[in-house]
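Below is one structure; the comments refer to it alone.
Taken together, the values in this text are just the output of simple stated rules run on the coordinates, not laboratory data. Just so we're clear, the structure is a prediction, and the values are computed from it rather than from any experiment. All Cβ positions, even for glycine, are placed from backbone atoms using ideal geometry, and neighbour counts span all protein chains on display.
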Amino acid sequence: MSYKLEDVSGIGKATAERLKTAKIDSVEKLANAKPEDLLKLKIKGVGKATAEKYIANAKKMLKETEIPEQSSGEVKEKPEEKSDSKPKAKPRPKPVSKAEVSKLKELIKQQAECNIGLVGHVDHGIY
């Protein structure tokens with residue numbers, strides 16, 4: 001299956017056109033390119049991190065579409081994943097003792113209090 005450059009996550013139509021003018025006209029060529037090659041094209045908004053992301057996304061797309069084959073030419077079937085019928089239980093928090101609760105209440109009483117007010121009128125606008 002052949003993909004267009006626009007199918008790679010993050011690449012739009014304009015970026016794909018710039019890549020095609022630089023003879024990177026397929027996802028395979030993009031996956032084999034180096035970030036420095038893309039930086040030389042001076043595409044607006046494409047820096048080193050973005051170039052690396054484009055290349056990684058192209059490699060990921062190619063890896064997902066590969067079909068592993070046996071030596072006889074038959075396609076291997078993927079083993080079925082076992083699914084547990086029971087969902088994983090969430091860990092329960094530790095029970096809090098009454099002494100810890102009273103300590104927390106005392107700490108809350110000692111906290112500083114700060115009141116914030118806003119003065120104005122509705123006719124003064126939103127700023």
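Structure summary
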{"read-out": "Gain upon complete extension [residue 48, residue 96; 0.36 nm per residue less C-alpha separation]", "value": "12.2 nm"}
{"read-out": "Mean separation of Cα contacts under 8 Å (6+ apart) over length of the range 5-65, as relative contact order %", "value": "39 percent"}
{"read-out": "Burial ordering of 11, 108, 43, fewest other beta-carbon atoms within 10 Å first", "value": "108, 43, 11"}
{"read-out": "Calculated log₁₀ intensity ratio I(q)/I(0) where the Debye formula runs over C-alpha points of the range 5-65, q = 0.16 Å⁻¹", "value": "-0.40"}
